[in-house]
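As structure tokens, the structure follows; a few thoughts come after it.
Nothing in this text is a laboratory measurement; each read-out follows from the coordinates by a stated rule. All of these numbers come straight from a predicted model, not from anything done at the bench. Cβ atoms come from the backbone with ideal geometry, glycine included; neighbour counts cover every protein chain shown.
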């Protein structure tokens, strides 16, 4: 089942699928930490584009955190799956507690990763938002909705692997979806990687710093 050796391999193959954007001065690559950062590093390197982070967190169902009931972005934009929340009878207090906890983690990551570096200006740019894969797509949807407020020219959601249904749904919130593989039936993202070890904070900082020095 594995399609990729690791996230760097996946990033290189995703960059090949985005080849039309090479050397385009209007491109900005935004990686969703943490797993999207190695992907974004390879994509930005090969497209000769600037790389930055875009902070967004999945809202996991309590006790089943791998199941997304929504997501929250760094600017406070929140996307929730109302049908799932209703079906699981998740009350408002529980939802608010998950949002509070994930928002606190977003603030921590902003401090740890950015190290006082300013964010890239995406106004008028074609923004390529990358992650290591999409199951429900809640995190990518939250990122896209939050980015709209910054007036990009277009948003491209780009991932190595995703559920076909998720890709189809994302077409309603972004201008383009680029995915290397859309297996059917779709299994957990990590199953498509031979090495899917967690990306650590130190590696996120290292890759972001290396990319900025190269640009």
Projected label distance in nm at residue 148 and residue 107, using a 7 Å step from Cα toward the beta-carbon: 2.7 nm
Crossing angle, helix 201-214 versus the chain [Cα axis fit, 0-90 degrees, rounded to tens]: 30 degrees
DSSP beta bridge pairing in the chain, given as percent antiparallel to the nearest 5: 30 percent
Pair residue 191, residue 17: separation of 7 Å Cα→Cβ label points (nm): 1.8 nm
Degrees, to the nearest 10: 36-47 long Cα axis against longest axis of the chain: 30 degrees
Where Rh is the Kirkwood radius over Cα pairs, Rg/Rh for the chain: 0.94
Cα gyration tensor category, rounded, prolate or oblate, for region 3-46 with a/c compared to 1.5: oblate
Region 17-121: C-alpha gyration tensor shape, a/c 1.5 cut-off, then a/b vs b/c: prolate
With Cα atoms, 0 to 90° folded angle of helix 92-114 axis to the chain main axis: 20 degrees
Two-site label geometry, residue 212 and residue 175: point separation in nm, points 7 Å out along Cα→Cβ: 2.7 nm
Rounded if a/c under 1.5, otherwise prolate or oblate - region 58-112, Cα gyration tensor axes: prolate
Counting DSSP beta bridges with both ends in region 1-101, the antiparallel % (nearest 5): 75 percent
Mean-position separation - Cα centroids, region 171-209 and region 140-164, in angstrom: 13 Å
